[in-house]
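Here the structure comes first, spelled out in structure tokens, and everything after it is commentary.
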Amino acid sequence: MHEALLPDVLVVDDSRVFRDLVALLLEDDGFHVRTAVDGTDALAQMEAQAPDALILDLMMPGLGGVEMLQLVIERSLAPDAYIVVLTADDDPSRPAELEKLGAHEVVVKPIDSEQLGRSLRSHFEAKAVAAQL
């Protein structure tokens with residue numbers, strides 16, 4: 001974790017409005033948030049500093065979410081990061097497919113921002129408890 005021990009979350013989405021909204025909500029929830037406009041931008045940021053959590057849009061132009069997820073895992077760019085994939089695809093087989101690739105959670109848009117914050121808090125609280133054992 002970084003900056004005053006706040007969990008560092010990288011939000012990757014090609015929609016500036018959505019990206020900024022998620023960032024604002026997570027900052028209000030006590031997270032340090034960085035944003036990336038696409039997969040290429042996110043990979044560059046992750047090579048410089050691995051996030052504690054990655055919020056990744058599945059459908060982006062250029063380097064899409066699936067390809068980015070594969071690269072993050074293959075290159076070990078964020079080996080300890082909690083990875084949440086956001087998708088508008090409500091195909092019931094999609095979450096299992098993405099979890100096999102390395103996602104910890106799949107959230108179908110429109111997202112429940114409170115649930116996203118709770119999910120991240122729960123993950124970091126469990127991680128802190130495990131570290132104390």
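None of the figures in this text is laboratory data; all of them are computed from the coordinates on show. Here the structure is a predicted model, which means the values were calculated and not measured. Glycine also receives a Cβ, built like all others from the backbone with ideal geometry; neighbour counts cover every protein chain displayed.
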### Query
Using a Förster distance of 25 Å, how high is the FRET efficiency between L101 and A130, based on the Cβ-Cβ distance and rounded to 0.05?
0.55
### Task
Calculate for the chain the 222 nm mean residue ellipticity that helices alone would give, adding -39,500 (n - 2.57) per DSSP H run of length 4 or more and normalising by residue count, nearest 500 deg cm²/dmol.
-14500 deg cm²/dmol
### Radius of gyration and Dmax over the Cα atoms of the stretch 8-132, both given in Å
13.4, 42
#### Entry: Gyration tensor (Cα) of the stretch 77-129, equivalent ellipsoid semi-axes in angstrom
20, 15, 8
### Query
Can you list the trypsin sites (Lys or Arg not before Pro) in the stretch 53-133 that are in a DSSP coil and have 13 or fewer other beta carbons within 10 angstrom?
R75
### Task
Output the peptides 76-83, 54-61, 89-96 sorted from most to least packed, where packing is the average of other Cβ atoms within 10 Å over each peptide's residues.
54-61, 76-83, 89-96
## Note on the structure
Listed by chain and number, the residues whose amide H is under 5 Å from that of L63, excluding neighbours fewer than 5 places away on the same chain and using placed H, are G39, T40
